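The values are calculated or read from the model by the stated rules, or taken from the named source; none is laboratory data. These numbers come from a predicted model, not from an experiment. Glycine gets a Cβ as well: all are built from the backbone with ideal geometry, and neighbour counts include every protein chain shown. The protein model used for the area step is the full one, side chains on, heavy atoms only, and it has no ligands, DNA or RNA in it. Shrake-Rupley method; radii C 1.70, N 1.55, O 1.52, S 1.80 Å.
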Amino acid sequence: MSTIQFTIDGKQCTAKPGQTIVEAAKQNGVYIPTLCHFEGLKPAGVCRICTVKVGGRNMAACTTPVADGMVVENKTAELEDYRKAIVEMLFVEGNHMCPTCEKSGNCELQALAYRYMMMVPRFPFLFPKRELDASLPKIVIERNRCVQCLRCVRAITAPDGKRIFGIVKRGGHAKINVDRELAQSMSDELAQKAMDLCPVGSILKKEVGFAVPIGKRKFDTKPIGSDIERA
Amino acid sequence: MGREDAVVKQVVAKYNNDKTRLMDIITDVQHELGCISDDTIRCIASQLQISSVDVEGVVTFYHFFTKTPRGRYTVYLNNSAVALMKGRTAIAKAFEEAAGCRFGSITSDGTIGLYDTSCIGMNDQEPAAIINGVVFTNLTTQKVKDMVAGMKAGKNVQDMVTEFGDGANQSEFIRSMVKNNIMRKGPVLFAPYEMGSSLKAALSKKPEDVIDEIKLGNLRGRGGAGFPTGMKWDFCRKSEGAKKFVVCNADEGEPGTFKDRVILTEIPHMLFEGMAIAGYAVGASEGILYLRAEYQYMKKYLEKILGDMREKNLLGKNILGKGFDFDIRIQMGAGAYVCGEESALIESAEGRRGEPRNRPPFPVQKGYLGYPTTVNNVETFCCVVRIMLEGGEWFKKMGTAQSAGTKLLSVSGDCSNPGIYEVEFGTTVQTLLEMVGGRTAKAVQIGGPSGTCIGKKDFGRRICYDDLATGGSIIIIGPDRDLFEIVHNFMDFFVEESCGWCVPCRAGNVILKERLEKIMSGKASMKDMEELESWCKIIKSMSRCGLGQTSPNPIYTTIQNFRDLYEAKVRKDVDYVTTFDLMAAVQESCKAAGRIPKVEEH
Ligand SMILES: Cc1cc2nc3c(=O)[nH]c(=O)nc-3n(C[C@H](O)[C@H](O)[C@H](O)COP(=O)(O)O)c2cc1C
Ligand code: SF4
């Protein structure tokens, strides 16, 4: 079969076999919010913000392939509220001080909070104690802002293919860590790539900052998702 | 380096430098060195040519792996809700007093370490602990004192076991004090059966016909989810793959289940035979028994049974002369409830963190090492053996339309006869309560913490997939128990056992637990309770795997079935009560700034 027919909130859409719901939606001008997802990386299904309803069941649109005849519910009041709740959970789970963050305006978490018009999270803040690691030559790892999207884990490898980043511990204690030896020898380019991949301000390249002033950054002028949405 | 290097090299060589055996490698190295330090992690990583953070990720994922020493004698005391009911608090105190250290730490001389652990599958004989792999049940403060004295005197742990349980627990390959507590035998699992007879019957049929017979019997998985076994095998059989695998899920981590423990002790040959039948049906020649670390004490015995079966040509090459090859290896877990989820189990068996996989692909398409794999529960394989002997029609006559056959229940808590009961599906809770001596119950937890907590008005409901589903855990809660304590214990369990992969489960359960604590402290309003209920729904709908999708159930089902208890706890005179402690915050900030607070403590 060369094209797949499916609908999102009633809108007729087409897709190629093998595409995920997120990819197919984008192609049809429908924005499904994502955070952990990054084009070109194997989808991880970590943040669950892209949750949609198919056949009465919730599933992550980033990991689920489209199928012919699929009826996808995306922008229902309930799903939008639950997505907002996820954004809020991320805000209370870490320690986010947007005004002092180098990523402000380029941060996808912040952008999602704006999109969902989060005033204050519905959940109480957990105020975790998290470690900042400034001991590596090229990057700072600021775990207070980490959302554990696993983008760095999935994408950043040493020249021999070994992973530089990984998750250690489990549950609420889970955190990003590095292979120190491999991280010591990261190139400038790799450090920049890691910073650019990070949706928040958790991986920062050392010795540069605020190169683009606040007010002129990615989401300062255009809300997240607006480049995808078509009427 | 020296010894460390040598140990790592030797162990890694034993597993042929195979990084998919990382679980075994860490287990063996830790056995030799006592812990897996950062240096050891680097050694293992460099031997296996993988990143050290990959090794660290695995070491820090599992409860029984450790980066720091946990004592020459490591005590893991069960902290399940039923352990608490049976006097765990006093036992913990006795351990601390006798040993001279607190839980979560080791004695200054490094002799004894005391640690909590999630349910170890001994709810019918609590309080219980595992010390260096050996299980101690029905603990009393006197026994604790004697045991700690023994440890201080350097006694061998196995020698501290002076009485043995019944049946195979006495075998020279087990020698355990664990009791079987088989309270009710039924026609499927504990009826007489001759080893090899079922496999013989299966091998005389075509594989497709074996699957059809299972389908005819309407067998559904006994691990909890209730997926039709015949259909699963059919999918696996029809999947493309150079080879296929049969995996038995013996992770039995749901607090309150211990029925697989008894099957593994008394009828392991039946289980292994069932696995071989599965292998024949789906076209696999390799099987894996994933055994939870808590059941390490049975490993030698299970190896011996496997050996016996090989000798009888029920396993190995050309089984019973029918040209069918099949063998089984045992994969040990290392302490993680989530590894009971079938795709997490496969990840773990491949030497990784026990994080569930995204689906599709399903294990029957791409499972162990990427090959089509069927994962089934211990009890499911035993049911298969009986169906091969008696037929699907016979099996289907028992139980209900949607739930054929019998179910093995693990009953514990406030009843006079805790233990395992094989009952027909469709048995009412009331009938069960009468059977087990639990008539005074005010609540029953069906299916463990991830299941449903019901009150008296629901005791007429039936245990089966179409009503009250359960993988086997039944916890009886007597009239004097504080239900909130139990719910809180269950939430502690989920917070501890969440793998941390997805946001709703990782953060959400902590949030739920905090709000529950607010309600328990009497500082909550009606609004707090209503919010709590709505948050449960968010976490159930947005989580990635069955753990997060069911983890709010202790709160959610008690709000539904015991709303009056919650309403009695919350304040109706105010809309909002703050949990922010201004005084504590001022003191903390003064401390951080190096000032002395001038406020008086209230
Ligand atoms: C968190 C979690 C824990 C589980 N634990 C177990 C377990 O200990 N044993 C088990 O057989 N199934 C367990 N399951 C169910 C398995 O994922 C799977 O459905 C089962 O092993 C399939 O076997 P069955 O069809 O024979 O029941 C668990 C599921 C989840 C989500
Ligand atoms: S629901 Fe919980 S256990 Fe399951 S993947 Fe998400 S974090 Fe892990």
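Tabulated values for the structure
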{"quantity": "Nonlocal amide H pairs with B:Gly472, under 5 Å, H built at 1.01 Å", "calculated": "B:Gly447"}
{"quantity": "Two-decimal log10 I(q)/I(0) for region A:1-121, as the Debye equation yields it once each C-alpha is a single scatterer, q = 0.09, 0.17 Å⁻¹", "calculated": "-0.27, -0.86"}
{"quantity": "Extreme residue, positive dipole direction of the protein assembly as shown, given options B:Val82, B:Gly307, B:Leu468 (C-beta unit charges)", "calculated": "B:Leu468"}
{"quantity": "GluC sites (Glu not before Pro) within region B:202-290: DSSP coil, no more than 16 neighbouring Cβ in 10 Å", "calculated": "B:Glu240"}
{"quantity": "Nearest-20 debye value, region A:85-207 charge dipole, Cβ charges on Lys, Arg, Asp, Glu", "calculated": "360 debye"}
{"quantity": "B:Ile330-B:Asp575 FRET efficiency (beta carbon distance; Förster radius 51 Å; 0.05 resolution)", "calculated": "0.35"}
{"quantity": "Computed over the protein assembly as shown, the ratio Rg/Rh where both radii use C-alpha atoms and Rh is Kirkwood", "calculated": "0.96"}
{"quantity": "Among A:Arg57, A:Arg154, A:Arg115: highest mean-square fluctuation, GNM of chain A, C-alpha pairs under 10 Å", "calculated": "A:Arg57"}
{"quantity": "Sparse-neighbourhood loop sites, trypsin sites (Lys or Arg not before Pro) in region B:164-263 - DSSP loop, at most 16 other Cβ within 10 angstrom", "calculated": "B:Arg175, B:Lys185, B:Lys205, B:Lys243"}
{"quantity": "Backbone HN-Hα couplings from phi across region B:348-360 [Karplus 6.51/-1.76/1.60, Hz, Gly and Pro as x]", "calculated": "5, 5, 8, x, 10, 4, x, 9, x, 8, 7, 10, x"}
{"quantity": "Selection of trypsin sites (Lys or Arg not before Pro), region B:398-485, meeting DSSP coil and at most 14 other Cβ within 10 Å", "calculated": "B:Arg439"}
{"quantity": "Solvent accessible area, Å² - A:Glu189, 1.4 Å probe, full protein context", "calculated": "140 Å²"}
{"quantity": "Nonlocal amide H pairs with B:Ile182, under 5 Å, H built at 1.01 Å", "calculated": "B:Ile420"}
{"quantity": "Cβ-based charge dipole, region A:4-73, positive-most Cα from A:Pro17, A:Ala61, A:Asn28", "calculated": "A:Ala61"}
{"quantity": "The protein assembly as shown - percent of accessible surface contributed by carbon and sulfur, probe 1.4 Å", "calculated": "51 percent"}
{"quantity": "In order through region B:564-581: 3J(HN,Hα) via Karplus (6.51 cos²θ - 1.76 cosθ + 1.60), integer Hz, x for Gly, Pro", "calculated": "4, 5, 5, 4, 5, 8, 8, 7, 9, 7, 10, 8, 8, 10, 7, 9, 6, 9"}
{"quantity": "Order of exposure, largest accessible area first, which applies to B:Val12, B:Val495 with probe 1.4 Å", "calculated": "B:Val495, B:Val12"}
{"quantity": "Cα pair distances exceeding 14 angstrom across region B:407-465, given as percent", "calculated": "51 percent"}
{"quantity": "Estimated distance in nm for a label pair at B:Asp482 and B:Met526, the labels positioned 7 Å out from Cα along Cα-to-Cβ", "calculated": "2.6 nm"}
{"quantity": "For region B:320-330, 3J(HN,Hα) per residue [Karplus equation, 6.51 cos²θ - 1.76 cosθ + 1.60, θ = phi - 60°, Hz, x = Gly/Pro]", "calculated": "6, x, 9, x, 10, 9, 7, 9, 10, 10, 9"}
{"quantity": "Nearest-20 debye value, chain B charge dipole, Cβ charges on Lys, Arg, Asp, Glu", "calculated": "540 debye"}
{"quantity": "DSSP bridge pairs, chain B: antiparallel proportion in percent, nearest 5", "calculated": "45 percent"}
{"quantity": "Buried accessible area, chains A and B (both chains, 1.4 Å probe, Å² to nearest 100)", "calculated": "3400 Å²"}
{"quantity": "Charge tally in the Cβ shell below 12 Å around B:Tyr465, where Lys, Arg are +1 and Asp, Glu are -1, B:Tyr465 excluded", "calculated": "+2"}
{"quantity": "Positive dipole terminus of chain B, leading residue within B:Met388, B:Ile328, B:Tyr15 (C-beta point charges)", "calculated": "B:Met388"}
{"quantity": "Accessible surface, per residue, of region A:52-166 when the full set of protein chains is kept, probe 1.4 Å, Å²", "calculated": "42 Å²"}
